[in-house]
1. Where the second residue is aromatic (Phe, Trp, Tyr) and part of a loop (DSSP other than H, G, I, E, B) and the first is under 29 Å from Glu211 (Cβ atoms) and in the same structural domain as Glu213 (by TED's automatic domain parsing) and lies in segment 366-393, which pairs have Cβ atoms under 6 Å and are six or more apart or on separate chains?
2. Being in contact (Cβ under 8 Å) with a residue 60 or more places away in the chain and closer than 22 Å to Ile138 by Cα narrows it down to one residue among Phe308, Phe313, Phe300; which is it?
3. If you scan segment 31-67, which residues turn out to be of a type in the set (D, E, K, R), in contact (Cβ under 8 Å) with a residue 24 or more places away in the chain and within 21 Å of Arg92 (Cα to Cα)?
4. Looking at (1) surrounded by fewer than 17 Cβ atoms within 10 Å (Cβ to Cβ); (2) within 20 Å of the chain's Cα centre (by Cα); (3) among the hydroxyl-bearing types (Ser, Thr, Tyr), find the lone condition where Ser68 falls short.
5. Here are some conditions: (1) crowded, with 24+ Cβ neighbours inside 10 Å; (2) farther than 30 Å from Ser68 by Cα; (3) at pLDDT 95 or above; (4) small (Gly, Ala, Ser). Ala251 meets all but one. Which one does it not meet?
6. Could you tell me which of the residues Leu257, Leu330, Leu284 is closer than 26 Å to Phe188 by Cα and in contact with a strand residue (DSSP E or B) (Cβ under 8 Å, 6 or more places away or on another chain)?
7. For residues that are touching a helix residue (DSSP H, G or I) at 6+ places or on another chain (Cβ under 8 Å) and surrounded by 13 or more Cβ atoms within 10 Å (Cβ to Cβ), scanning just segment 385-399, find the one that is farthest from Ile101 (Cα to Cα).
Amino acid sequence: MKITTLFMLVSCAFICSVHGANQSDSDGDGLSDFQEIHKYRTNPEKKDSDGDGSPDGDWHERREYTYSVRSVVKVMRPCSLEAINDDYQDARVLSETKDYIELEVIHYPFNTNAETIDGHPDWRVRSVGMKQWIEPGITTNWDPKMRRDLLAKLKAAGIDVETLTDKEIVERMAAWALKRARGLNSVFTTYYVHFPDGRPSVYPGLEKAFEREFKRDSKNYDWKIDQHFGHELLGREMYYNKTHGSCTSYAVYQTTLLRAVGIPARMIVVIPIVDPTDPKQIQLIEDHIAHPEVRETVLFSLNGKSGFIDHAFNEVHIGGRWRRLDYSTLGRNTYGPSAMGMVTHVHTFRDLSDADLTATWGVRYAKGLRDDTFCSSNPYQTTELSDRIGIHSDMEIPKPKQPWEKTGNLRILSAYWWNNLPADDWRRRALTPDQDKRKEGHLLLHVEWASGTRLNSTQVVRLLNFIDRNVHLVGDQGKRIPLEIRGRSVWTGQQGGAELEIPISEEIYSMLKRDIEYSLVPVNSMDEFQWEVADEVKVVKKKGAGKKRSIWKFWSK
């Protein structure tokens, strides 16, 4: 008994030393040394880095040595409060209702987490005590046979799990798994499924939505429901069928494979820092993010997105820390063009059957539900946004850099209205009928370089930082009505050039007189770039045939 007890104590001490190495708090300020160095940039050897009497662990003190972004966001339940404070963000609850949680989130986009991922050959010992993240689940359902088959396949592909470090295994397996499986086209049913009695079935009331989704892939019309589960929902079956569905499906698939070889893995859900389908939320970025590079990156990454938008991917335990694995990218940051600009971590789960997303997020998405809190297709809404460079940081807000040499002015060649788009246009097909109707008063401008050089949507998004966005609508009496070119969404036009979508407020609409031609007259107060407008571009407010209210129409001579 004494020998056994001694062995357990030694083992426990070893496990604590392994898992606690990255959680040590040398100065006792409540922050790990790792995060002080790589997230907050405070001094891990000083409890109060700036000596002002408040420890570095204070909510506001953490931001004083680096650049950070603050958001206040309402998120529909569920939300994993115990896991969303991580190496990329801090979060705390401001308020709660039965339907949603309101969070204050501090994002640290310029962290150095990815630079610290080191491989360890003793990863099996380091995984002791992490049984729940290795064992199979209802969807992550690996078994001994699959494990033997997988190890043999990996070894044949030059991935010898017995000789590689945990980092090497994860990186090589992730690339191999992505190449091996076929993605199903536009299939997203993972939020339509629940798991009574430990078995997947379609959530009551979502049967039609489920059928609609899995029939998007015309090759799979003849699948029965259980067969479909085997191609999109259940990890072991996806491995043998060599298929996967959406990002959520892929996260299940990849979790299953990693756990089968002994790598601890779990899944997380992130959302964009604002709802990109809501013009008022896009406006928060333009008005309240002062850092030009961050503002440009987020705006560009969210440009043109519509419908239901979130992202699910993996976290793997390497060297005593949870590290993000997004498809085959290990160490994916919370910020960047490949991260929807900037994301907020809102949920973590061991198995999809534990996520509890279907009864809330899934039902809302499937039935197109809206309410006063969440007025778009997305179950989240940001209400406040700001950024800050800490008082002790050596960083300065840089001036916007001109993205390329000036090649001429921007020329508006034509304008037309959202409801003039063909019904089968991809931009309209991506929306529900209600969403499409709400865009009826949106103006679209076709823009090119005045010199005739080809211009694309990426360039326009960046150029909006260097051009006066104010124009006037001028009628026959010379009265000027102000309009701002905000670039709600930007697309590359089919015939070249770029197209900007401009939401028009009811206030501006009411100022226009019916049947009067209005010209677009730019203010052009900035030196870098100027607007030019083709003479034939006129806007007329006309009464639409068969409409209950007036609509705008583009009048082209």
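The values are calculated or read from the model by the stated rules, or taken from the named source; none is laboratory data. Source: prediction; values computed, not measured. Every residue, glycine among them, receives a Cβ derived from its backbone with ideal geometry; neighbour counts consider all protein chains shown.
1. What qualifies is Ser377/Phe308.
2. Exactly one of Phe308, Phe313, Phe300 is in contact (Cβ under 8 Å) with a residue 60 or more places away in the chain and closer than 22 Å to Ile138 by Cα, namely Phe313.
3. Lys39, Arg41, Asp56, Arg62, Arg63, Glu64
4. (1)
5. For Ala251, the failing item is (2).
6. The conditions single out Leu330.
7. Among those that are touching a helix residue (DSSP H, G or I) at 6+ places or on another chain (Cβ under 8 Å) and surrounded by 13 or more Cβ atoms within 10 Å (Cβ to Cβ), it is Ile397.
Here is a yes/no grid of residues against (1) of a type in the set (A, V, I, L, M); (2) part of a helix (DSSP H, G or I):
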| position | (1), (2) |
| --- | --- |
| Glu211 | no, yes |
| Asp222 | no, no |
| Val252 | yes, yes |
| Val270 | yes, no |
| Thr277 | no, no |
